[in-house]
Amino acid sequence: MTKPSLATFTALDLAKDQIADLDQQLLKRKLRVTQSPCDTKAIVAGRPLHAFCSNDYLGLANHPDIGSALAEGISKYGVGSGASHLISGHSLAHESLEKRLAEFQAKHIPEARALFFSTGYLANLAAITGLVRLAPQGGASIYSAKLNHASLIDGIRLASAQTNAMVTLFDHTQLNSLREALQQDKRPLKLIVTDGVFSMDGDLAPVNELVTIAQQYDALLLVDDAHGFGVLGKRGHGILEQDNIFSERIIYIGTLGKAAGVSGAFICAQDAFIEWLIQKGRPYIYSTATPPAIAHALCKSLDIIESEEGSERRQHLYRLIEIWQKEMQFSGWQKVASCTPIQPVILGSNANALQAASLLDDAGYWIPAIRPPTVPIGSSRLRITFSANHSEADLRQLMSTLNHIEQQISAKASS
Ligand SMILES: *Cc1c(COP(=O)(O)O)cnc(C)c1O
């Protein structure tokens with residue numbers, strides 16, 4: 001039987017043309033289906049691969065104790081929350097998790113209180129759009145680091161559309177222009193927004209300097225520590241612990257689907273800011289609460305992060321980073337001075353990055369090519385990430401494979 005041919009129409013033609021354009025510019029992204037738990041060995045389309053691509057930095061995504069806690073959470077609380085937090089979805093599991101998360105930042109933020117979200121994307125939208133509403137229409141300015149994560153950028157765009165907030169970009173490696181802009185700013189509410197660890201480069205924001213600037217110009221400082229929470233600091237509390245920061249001006253965002261190994265995110269700040277976001281944070285108010293069992297499992301994950309086991313996992317991870325930084329040598333490709341488990345290799349063009357990723361795949365490695373708009377044009381790269389579950393042998397094997405592939409590509413280019 002032949003299928004009847006479907007009528008075409010404008011929107012459908014546009015969709016097909018736009019996708020064909022992306023494909024031609026080597027910017028079409030493809031989903032890959034994994035058939036195994038998130039870990040350093042993955043099964044993808046039936047093939048085993050060494051994975052150096054997840055954000056599961058501590059190797060907790062497949063931890064049996066957290067799995068048992070999730071099962072226990074389901075037996076205690078069922079599978080769904082049934083409603084948003086303010087209606088009837090806020091359970092004892094959420095409440096306990098928020099208390100534990102606030103304790104993690106208590107030495108860094110006075111009167112710390114935490115608010116749990118289903119994702120970091122939503123937490124960022126809620127924090128930024130909610131905080132700018134503390135000022136009257138047009139009374140807020142937002143200062144955003146140029147390389148901030150897309151969820152921060154989207155939060156800022158939404159906040160600006162809703163309240164006429166002024167938006168200024170700054171370079172996090174060169175803060176003088178930020179100081180100058182703030183000095184002339186007479187608006188009542190100023191919000192500086194930055195990634196803690198820049199997600200595609202692995203370098204850290206100068207949080208201490210930013211705190212000083214925030215104090216000097218009466219601003220708030222939002223730090224999105226998606227890649228630092230669990231990883232940085234002696235006890236894994238994140239970038240504020242590592243940099244020994246205490247400030248009443250910090251709005252801290254941590255995510256719980258990366259190093260914490262599960263899912264979700266939180267905002268931690270002084271009680272009054274959190275209370276305000278519960279009143280006015282629309283993404284918080286108008287979204288169903290995450291299943292309480294997830295919150296229950298996350299409490300176990302926090303226990304591990306703070307424990308001896310968590311500390312050993314971090315030490316091992318830092319050993320891998322040290323080996324890579326000291327010993328990895330390329331002839332033309334560029335490695336980045338990063339002290340975190342995010343270790344990009346910059347190749348420049350989309351074609352080079354895709355070719356390298358494809359040769360890595362042939363060699364049994366899963367490392368994605370990251371292209372614009374995720375990174376600036378001309379800086380396409382391999383984004384390599386380490387997990388505490390990688391062994392030193394896994395790392396050294398990767399390093400020699402990368403050297404081999406760089407030679408292969410440059411031999412082809414010069415032949
Ligand atoms: C991953 C990430 C987010 C989004 O968190 P999700 O929980 O995955 O939605 C936010 N900010 C940064 C810097 C991230 O890397």
Subset of segment 236-255 [within 13 Å of the ligand (Cβ to nearest atom) and in contact (Cβ under 8 Å) with a residue 60 or more places away in the chain]:
238, 252, 253, 254, 255
Filter segment 68-96 for residues that are open to solvent by 40 Å² or more (accessible area, probe 1.4 Å) and either among the hydrophobic types (A, V, I, L, M, F, W, C) or within 24 Å of the chain's Cα centre (by Cα) (or both) and give the result.
70, 71, 74, 79, 86, 87, 92, 95, 96
Enumerate the pairs (first residue in segment 313-332 and over 14 Å from residue 230 (Cα atoms); second residue anywhere and charged (D, E, K, R) and surrounded by 11 or more Cβ atoms within 10 Å (Cβ to Cβ)) with beta-carbon separation below 6 Å, excluding pairs fewer than 6 apart on the same chain, so at least 6 apart or on different chains.
328/335; 330/406
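Results for (1) in a strand (DSSP E or B); (2) open to solvent by 90 Å² or more (accessible area, probe 1.4 Å); (3) modelled with pLDDT of 95 or more; (4) of a type in the set (A, V, I, L, M), shown as yes or no for each residue.
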site: 17; (1), (2), (3), (4): no, yes, yes, no
site: 27; (1), (2), (3), (4): no, no, no, yes
site: 31; (1), (2), (3), (4): no, yes, no, yes
site: 42; (1), (2), (3), (4): yes, no, yes, yes
Restricting the search to segment 170-181, which residues are away from the ligand (no atom under 16 Å from the Cβ) and closer than 23 Å to residue 240 by Cα?
170, 171, 173, 174, 175, 176, 178, 179
Checking residue 159 against (1) free of Cβ contacts under 8 Å to residues at least 40 places away in the same chain; (2) within 16 Å of the ligand (Cβ to nearest atom); (3) within 19 Å of residue 215 (Cα to Cα), which test does it fail?
(3)
Pairs returned, first residue in segment 186-207 that is within 10 Å of the ligand (Cβ to nearest atom), second residue that is part of a helix (DSSP H, G or I) and of a type in the set (Ser, Thr, Tyr), beta-carbon separation under 9 angstrom, 6 or more apart or interchain, are none
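With respect to residue 211, determine if the residue is under 13 Å from the mean Cα position of the chain (by Cα), at negative phi and either of a type in the set (Val, Ile, Thr) or not in a helix (DSSP H, G or I) (or both).
So residue 211 fails the test.
Per-residue answers, yes or no, for (1) in contact with a strand residue (DSSP E or B) (Cβ under 8 Å, 6 or more places away or on another chain); (2) aromatic (Phe, Trp, Tyr); (3) surrounded by 17 or more Cβ atoms within 10 Å (Cβ to Cβ):
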{"residue": "317", "(1), (2), (3)": "no, no, yes"}
{"residue": "334", "(1), (2), (3)": "yes, no, no"}
{"residue": "338", "(1), (2), (3)": "yes, no, yes"}
{"residue": "408", "(1), (2), (3)": "no, no, no"}
Against the definition (in contact (Cβ under 8 Å) with a residue 40 or more places away in the chain and either part of a helix (DSSP H, G or I) or over 29 Å from residue 120 (Cα atoms) (or both)), how does residue 94 come out, yes or no?
yes
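Could you tell me how many of the residues in segment 129-156 are of a type in the set (A, V, I, L, M), within 15 Å of the ligand (Cβ to nearest atom) and either open to solvent by less than 30 Å² (accessible area, probe 1.4 Å) or over 19 Å from residue 226 (Cβ atoms) (or both)?
Total satisfying the criteria: 3.
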Return the residues of segment 210-235 that are within 16 Å of the ligand (Cβ to nearest atom) and either of a type in the set (A, V, I, L, M, F, W, C) or outside the structural domain of residue 260 (by TED's automatic domain parsing) (or both); say none if nothing qualifies.
210, 221, 222, 223, 226, 229, 231, 232
Over segment 44-60, the set of residues closer than 29 Å to residue 302 by Cα, part of a loop (DSSP other than H, G, I, E, B) and out of contact with any Cys (no Cβ under 7 Å at 6 or more places or on another chain) is 52, 53, 55, 57, 58, 59, 60
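Within 12 Å of the ligand (Cβ to nearest atom), within 28 Å of residue 81 (Cβ to Cβ) and either open to solvent by less than 10 Å² (accessible area, probe 1.4 Å) or at pLDDT 95 or above (or both): which single residue out of 272, 293, 297, 259 fits that description? Lay out the reasoning, then the answer.
On the way: 272 fails: within 12 Å of the ligand (Cβ to nearest atom); 293 fails: within 12 Å of the ligand (Cβ to nearest atom); 297 fails: within 12 Å of the ligand (Cβ to nearest atom).
Result: 259 is the single residue among 272, 293, 297, 259 that is within 12 Å of the ligand (Cβ to nearest atom), within 28 Å of residue 81 (Cβ to Cβ) and either open to solvent by less than 10 Å² (accessible area, probe 1.4 Å) or at pLDDT 95 or above (or both).
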Note down all Cβ pairs under 8 Å where the first residue falls in segment 110-126 and is assigned by TED's automatic domain parsing to the domain that holds residue 252 and on the phi > 0 side of the Ramachandran plot, the second is among the aliphatic types (A, V, I, L, M) and more than 8 Å from the ligand (Cβ to nearest atom), and they're at least six residues apart or on different chains.
111/272
Residues in segment 69-77: is at least one of a type in the set (Phe, Trp, Tyr) and not assigned by TED's automatic domain parsing to the domain that holds residue 233?
no
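Before we move on, is residue 247 in the same structural domain as residue 150 (by TED's automatic domain parsing) and either touching a Phe, Trp or Tyr at 6+ places or on another chain (Cβ under 7 Å) or open to solvent by 10 Å² or more (accessible area, probe 1.4 Å) (or both)? Talk me through it step by step, then tell me what you get.
Numbers: in the same structural domain as residue 150 (by TED's automatic domain parsing): yes; either touching a Phe, Trp or Tyr at 6+ places or on another chain (Cβ under 7 Å) or open to solvent by 10 Å² or more (accessible area, probe 1.4 Å) (or both): no.
So residue 247 fails the test.
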I need the full set of residues from segment 111-128 which are farther than 17 Å from residue 295 by Cβ, open to solvent by 30 Å² or more (accessible area, probe 1.4 Å) and near the ligand (Cβ under 8 Å from one of its atoms), in order please.
121
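The values are calculated or read from the model by the stated rules, or taken from the named source; none is laboratory data. Everything quoted here is computed from the prediction, not taken from an experiment. Here Cβ is always computed from backbone atoms with ideal geometry, including for glycine, and neighbour counts include all displayed protein chains. Please note that ligands, DNA and RNA were not included when accessible areas were found on the heavy atoms of the full protein model with its side chains. Shrake-Rupley method; radii C 1.70, N 1.55, O 1.52, S 1.80 Å.
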